[in-house]
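Everything below concerns the one structure shown next.
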Amino acid sequence: MTTIDEIMGAAPVIPVLILDGSIDPAALAETLVSNGLPVIEVTLRTSHALDAIHAMARVPGAIVGAGTVVNREQLAQAQDAGATFIVAPGLTEGLSRAVLESGLAYLPGVSSAGDVMRGLDLGLDRFKFFPAVASGGLPALKSLSEPFASVRFCPTGGITPENAPDWLAHPAVRCVGGTWIVPKGAADLTQVAQLARAATVLRDRQQWRTQEDSNLWPLPSEGNALSS
Ligand code: 3PG
């Protein structure tokens, strides 16, 4: 099983995909993996999503999750399609318990201290901070992280290549998510490759890595945490 910490530590950016059928999913996953972004979130917002998860999950090196999961039925569909992890826009007790029972890694959305506390009650401490910019941006994340020292976030919603380095510099931020890597209607894998490569260098991760981080997800020079 791939843990949520391994997933959040595998790359600085999780591409959030809203697929409209304009691009071959397996080729897209190969492009993302080979250009340094192995973690891929396919949102269940279009009719193409489940087939895409099925195809992408077979691509060597790809860690494919389902996003915008809001109920148990979608959880079951995503698991059947081969998703490794589940992302939800918010945090509810019912869905959270179901995902925990499924054994899949889980990244529920939070945007308030109450959300975080409900997650902690369920044994969760890794969250999507969503919608990141609309919820107050980096000042809100800073305030939210202070009472919860063990909690780590993946801000998503309004993240851009321009503001991502600021988010990634915060020690409570493991990675960010965003749709900019695969723009709507994208069909040009060369452009996706360029955007993916640029995303991999949005953070100098050495700046804030602790020994705990190095143990959880060694950099290439330290070994490969996801080699198996
Ligand atoms: C999500 O579901 O994570 C967001 O829709 C992504 O938001 P963005 O388009 O601002 O990256």
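Observations on the model:
- Evaluating residue 73 against the criteria (1) under 12 Å from the mean Cα position of the chain (by Cα); (2) without any contact (Cβ under 8 Å) to a residue 24 or more places away in the chain leaves one unmet condition, (1).
- Which numbered condition residue 64 fails, given (1) over 18 Å from the mean Cα position of the chain (by Cα); (2) under 24 Å from residue 28 (Cβ atoms): (1)
- Residue count for region 64-87 satisfying the condition of being farther than 23 Å from residue 199 by Cβ, within 16 Å of the ligand (Cβ to nearest atom), of a type in the set (A, V, I, L, M, F, W, C) and surrounded by 15 or more Cβ atoms within 10 Å (Cβ to Cβ): 2.
- Within this structure, residue 105 passes the test of being within 26 Å of residue 135 (Cβ to Cβ), in contact (Cβ under 8 Å) with a residue 12 or more places away in the chain and under 16 Å from the mean Cα position of the chain (by Cα).
- Test: residue in region 173-190 that is near the ligand (Cβ under 10 Å from one of its atoms) and modelled with pLDDT under 95: yes
- From the list 61, 158, 136, the lone residue that is under 26 Å from residue 198 (Cβ atoms), in contact with a helix residue (DSSP H, G or I) (Cβ under 9 Å, 6 or more places away or on another chain) and within 16 Å of the ligand (Cβ to nearest atom) is 158.
- Looking across region 31-66, the residues that are assigned to a helix (DSSP H, G or I) and polar (S, T, N, Q) come down to 31, 34.
The values are calculated or read from the model by the stated rules, or taken from the named source; none is laboratory data. None of the values given here were measured: they were computed from a predicted structure. Using ideal geometry, Cβ is built from the backbone for each residue, glycine included, and neighbour counts are taken over all protein chains shown.
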